[in-house]
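Visitor: Mind looking over this structure? Questions follow.
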Amino acid sequence: MKKTNLLQLMFVALLMSFIASCDNANQKCDCDDWQSQVPEGTFCYVDKGRPSNMLKYNEIVNMLESYDKTRKEVLEKSLGFEDTRVNSYPIQQLKDYLGYIENLCAQKEIPLTGINIISTAYPENYSGSKTAGYQTLIFMPTTTIDGEEFVTFDPLKSKKGVPVTFKSILAKRGYNWSYDNSRISKEEQKAGIMNFNPPQDDLEDSSGSNRLKPTPPY
């Protein structure tokens with residue numbers, strides 16, 4: 001009994017040490033080596049230095065000015081108001097979303113290749129909210145299908161090893177998603193995904209995320 005308690009204490013101490021090392025930005029940790037020793041669903045991100053896709057301020061200014069010249073005025077004239085320019089996403093919500101999606105993909109044995117950020121707009125009759133009519137964003141996971149690396153899909157609706165594409169789900173609801181260069185995959189056809197009939201009210205959960213704080217409106 002004493003040995004069991006000692007082992008438990010040693011494991012807790014080891015786990016706390018690992019978590020602390022991941023929280024320390026100046027200390028490196030290799031999560032692949034530790035993943036089998038931490039609770040299922042635990043993910044860790046390591047600072048590997050400045051990523052290659054970071055922007056310089058002259059690029060940012062040029063891009064902002066280009067938006068102002070080619071879109072801002074056109075959109076304001078068309079809509080009659082200044083559309084959303086900034087979408088705020090709390091860092092903890094981002095972490096929670098990534099952890100949830102990564103765990104879903106691990107359970108379904110489907111590789112997660114990225115997150116597509118999709119432009120949408122709230123309907124004019126959107127729940128009486130002041131965001132009605134404004135642009136917003138949807139986050140959706142991506143994976144590799146038929147050689148294409150960033151195909152939008154829904155791990156929540158997928159079967160183990162068989163990703164269900166965003167395209168096929170929307171097609172069943174009468175919407176043509178034309179931004180993935182993929183057909184309904186062969187795996188989906190074999191699994192009979194396209195024979196699925198959505199419920200009348202269609203209040204199903206998805207792997208998409210939103211709930212952003214947009215500016216404007218102010």
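The values are calculated or read from the model by the stated rules, or taken from the named source; none is laboratory data. Note that the structure is predicted; figures quoted are calculated from it, not measured. So basically every Cβ, Gly included, is an ideal-geometry build from the backbone, and we count neighbours across all protein chains shown. Just so you know, the surface numbers come from the protein's heavy atoms only, side chains and all, with ligands and any DNA or RNA stripped out. Shrake-Rupley method; radii C 1.70, N 1.55, O 1.52, S 1.80 Å.
Visitor: HN-Hα J couplings of region 78-92 from phi, Karplus 6.51/-1.76/1.60, θ = phi - 60°, integer Hz, Gly and Pro as x?
Guide: 6, 8, x, 7, 6, 6, 3, 10, 10, 10, 9, 10, x, 4, 5
Visitor: Need one word for region 43-173: rounded, prolate or oblate. Basis is the Cα gyration tensor (sqrt eigenvalues a ≥ b ≥ c); a/c below 1.5 gives rounded, then a/b vs b/c decides.
Guide: Working: a/c = 2.02, a/b = 1.36, b/c = 1.48.
Because a/c hits 1.5 or more and a/b fails to exceed b/c, region 43-173 counts as oblate.
Visitor: Tell me, what is the FRET efficiency for Lys130 and Glu109 to the nearest 0.05, using R0 = 35 angstrom and their Cβ-Cβ distance as r?
Guide: Working: r = 42 Å, r/R0 = 1.21.
Rounded to the nearest 0.05, the efficiency is 0.25.
Visitor: Now for a separate question. Using amide H atoms built 1.01 Å from N in the peptide plane, name the residues 5+ places from Asn116, or on other chains, whose amide H lies under 5 Å from its own.
Guide: For Asn116, the qualifying residues are Met140, Thr142.
Visitor: Express the carbon and sulfur contribution to the solvent-accessible surface of region 63-171 as a percent, rounded to the nearest whole number, probe 1.4 angstrom. Don't skip to the end; give the middle numbers.
Guide: Numbers: 3400 of 6150 Å².
So the carbon and sulfur contribution to the accessible surface is 55 percent.
Visitor: Next up: Leu79 label point, 7 Å along Cα→Cβ, cut-off 11 Å on backbone N: hits in region 100-143?
Guide: Answer for this model: 120-122, 131-137.
Visitor: Express in nm, to one decimal, how much length is gained between Ser178 and Asn87 on full extension, taking 0.36 nm for each residue of separation and deducting their alpha carbon distance. Intermediate values should be presented prior to the final figure.
Guide: Details: separation 91, 0.36 × 91 = 32.76 nm, distance 2.42 nm.
Length difference between fully extended and current span is 30.3 nm.
Visitor: Say the cut-off is 21 Å between C-alpha atoms; which of Lys157/Lys213; Lys56/Lys213; Lys95/Lys213 go over it? Before the final figure, lay out the partial values.
Guide: Values: Lys157/Lys213 27 Å; Lys56/Lys213 26 Å; Lys95/Lys213 17 Å.
Violating the 21 Å limit, Cα to Cα: Lys157/Lys213; Lys56/Lys213.
Visitor: Another question, then. Given H placed on each backbone N at 1.01 Å, which residues far from Lys159 in sequence or on other chains put an amide H within less than 5 Å of it?
Guide: Hits under the 5 Å cutoff: Val164.
Visitor: Would any residue of region 116-154 have its amide N under 17 Å from a label point 7 Å out along Cα→Cβ of Tyr218? List them or say none.
Guide: 130-131
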